[in-house]
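Down below is the structure, laid out as structure tokens.
Bear in mind that the values in this text are calculations on the coordinates, not laboratory data. No experiment lies behind these values; they were computed from the predicted model shown. Positions of Cβ are backbone-derived with ideal geometry, glycine not excepted, and every protein chain shown enters the neighbour counts.
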Amino acid sequence: MHKATKAALMSALIFPGCGHFYLESKLRGAVFTLFSVGCLYVLVTHAVNVANDISDKILGGDIPVDVASLIAEMSLRLSGSGSHSTNAASFLLLICWILATIDSFILGRK
């Protein structure tokens, strides 16, 4: 397998920037990795906040403890509360992942 293909697969399947580290382009790898980690931080923080709010409602007795009610509440909270920061973080993570894959392939071809 060519070095470019292996680097692109590493960036696509493992994490953005992994292919760059494989190609010993540490600065580019660090930029892609740190940007992706920042986007993931925003997404995980939002998910934890939603989980905490739902658990508070369960403990307060506002939501009955059955699977249907929990699924309905999670669906409502995750679909209706998409803030601009979470939508932007999701979009930017996807773009970063694609760009890292393409860039590592191009870098490996040189």
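At-a-glance table
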| read-out | value |
| --- | --- |
| Test: residue in region 76-96 that is among the hydrophobic types (A, V, I, L, M, F, W, C), closer than 22 Å to residue 110 by Cβ and touching a Gly at 6+ places or on another chain (Cβ under 6 Å) | no |
| Criterion (outside any helix (DSSP H, G or I) and out of contact with any Pro (no Cβ under 7 Å at 6 or more places or on another chain)) met by exactly one of 98, 63, 54, 58 | 63 |
| Residue selected from region 11-26 under the condition part of a helix (DSSP H, G or I) and under 16 Å from the mean Cα position of the chain (by Cα), by the criterion surrounded by the most Cβ atoms within 10 Å (Cβ to Cβ) | 11 |
| Enumeration of residues in region 51-94 that are β-branched (Val, Ile, Thr) and surrounded by 13 or more Cβ atoms within 10 Å (Cβ to Cβ) | 54, 58, 63, 86 |
| Any hit, region 27-45, residues being closer than 30 Å to residue 8 by Cα, among the aliphatic types (A, V, I, L, M), more than 19 Å from the chain's Cα centre (by Cα) and loosely packed, with under 11 Cβ neighbours inside 10 Å | yes |
| Pairs with Cβ under 6 Å, 6+ apart, first in region 94-110 and of a type in the set (A, V, I, L, M, F, W, C), second part of a helix (DSSP H, G or I) | 96/35; 96/36; 100/11; 100/32; 105/4; 105/8 |
